[in-house]
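Please read the structure below before turning to the comments.
FYI, it's all coordinate maths here, none of it is from the lab. None of these values were measured; they are calculated from a predicted model. Reconstructed Cβ throughout: ideal geometry from the backbone, glycine too, with neighbour counts over all protein chains shown.
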Amino acid sequence: MKEFVKKVYGDIAKKKKSCCCSSKNADVSEKVGYSKKDLSSIPDEANMGLGCGNPVALASLKEGETVVDLGCGGGIDVFLAAKRVGSIGKVIGIDMTEDMLNKAKANAKKTGLKNVEFKLGEIEKLPLENDIADCIISNCVINLSENK
């Protein structure tokens with residue numbers, strides 16, 4: 001199952017396959033809670049219309065915090081969270097799909113944000129030290145985990 005998920009999301013990242021819907025990514029994202037302002041503040045390629053809500057809007061993030069985004073995809077929630085935690089905070093995006101991480105890293109260069117980092121890893125075995133996060137966010141990826 002894990003290899004199948006990696007393949008599907010890798011193809012989406014490489015634009016070989018689209019999301020499960022025919023709407024524009026911005027339209028889908030607005031319907032699940034992202035504002036036009038949020039979407040206009042990030043690279044278009046970071047928004048692939050894959051989420052089921054806006055975890056950053058629901059989190060009470062504070063300046064200086066460290067946030068971990070499980071299943072960061074192209075980086076949409078990482079970039080939005082990075083603006084909330086400010087330059088003294090940090091946001092770490094974790095994804096098990098190398099193609100998604102490559103896309104997120106390319107998007108990060110476009111944003112100019114210096115407080116973001118992306119790591120290859122699975123949510124069942126995070127490539128992080130213990131006790132480093134003030135907040136953990138995720139956008140539906142837990143549904144794809146074999147071992148919840």
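Summing Cβ point charges (Lys, Arg +1; Asp, Glu -1) relative to the Cα centre of the chain gives a dipole of roughly 540 debye. Proximity of backbone amide H atoms, modeled 1.01 Å from N, is registered between GLY49 and no other residue at under 5 Å, excluding neighbours fewer than 5 places apart on the same chain. Grab region 74-141 and count how many Lys pairs have their alpha-carbon atoms under 24 Å apart, sequence gap of 8 or more, or different chains. Number of lysine pairs found: 21.
What is the mean projected area of the alpha carbon convex hull for region 2-144, to one decimal in square nanometres?
Working: hull surface 31.3 nm².
Average of the hull's projected areas for region 2-144 equals 7.8 nm².
Considering helices alone, the calculated mean residue ellipticity of the chain at 222 nm is -10000 deg cm²/dmol, with DSSP H runs of length four and up weighted by -39500 (n - 2.57) and normalised per residue. Exposure proxy ranking for PHE118, PHE4, PHE79, based on other Cβ atoms within 10 angstrom of each Cβ and starting from the fewest, stands as PHE4, PHE118, PHE79. What FRET efficiency comes out for SER41 versus VAL5 if R0 is 25 angstrom and r is the Cβ-Cβ distance? Round to the nearest 0.05. So the FRET efficiency works out to roughly 0.30.
In the neighborhood of GLU117, defined by Cβ-to-Cβ distances under 11 Å, what is the net charge if each Lys or Arg adds +1 and each Asp or Glu adds -1?
On the way: positive: LYS90, LYS105, LYS114, LYS119; negative: ASP69.
Value of the local net charge: +3.
What the phi angles of region 60-65 give under the Karplus curve with 6.51, -1.76 and 1.60, with θ = phi - 60°, is a coupling list of 9, 6, 10, 4, x, 6 Hz, glycine and proline written as x. Amide H to amide H distances under 5 Å link ILE136 with VAL68, where only residues 5 or more positions off or on other chains count and H is placed in the peptide plane.
Annotation note: GluC sites (Glu not before Pro) in region 64-139 located in DSSP loop regions with a Cβ neighbour count of at most 13 within 10 Å are GLU124, GLU129.
Given the options PRO127, PRO43, PRO55, which has the most mean-square fluctuation in a GNM of the chain, springs set between C-alpha atoms less than 10 angstrom apart? Between PRO127, PRO43, PRO55, it is PRO127 that shows the largest mean-square fluctuation.
Rg/Rh for region 69-136 (Cα atoms only, Rh after Kirkwood) is 0.94. Put a dot 7 Å past the Cα of ILE132, heading toward its Cβ, do the same for LYS15, and the two dots end up 3.2 nm apart.
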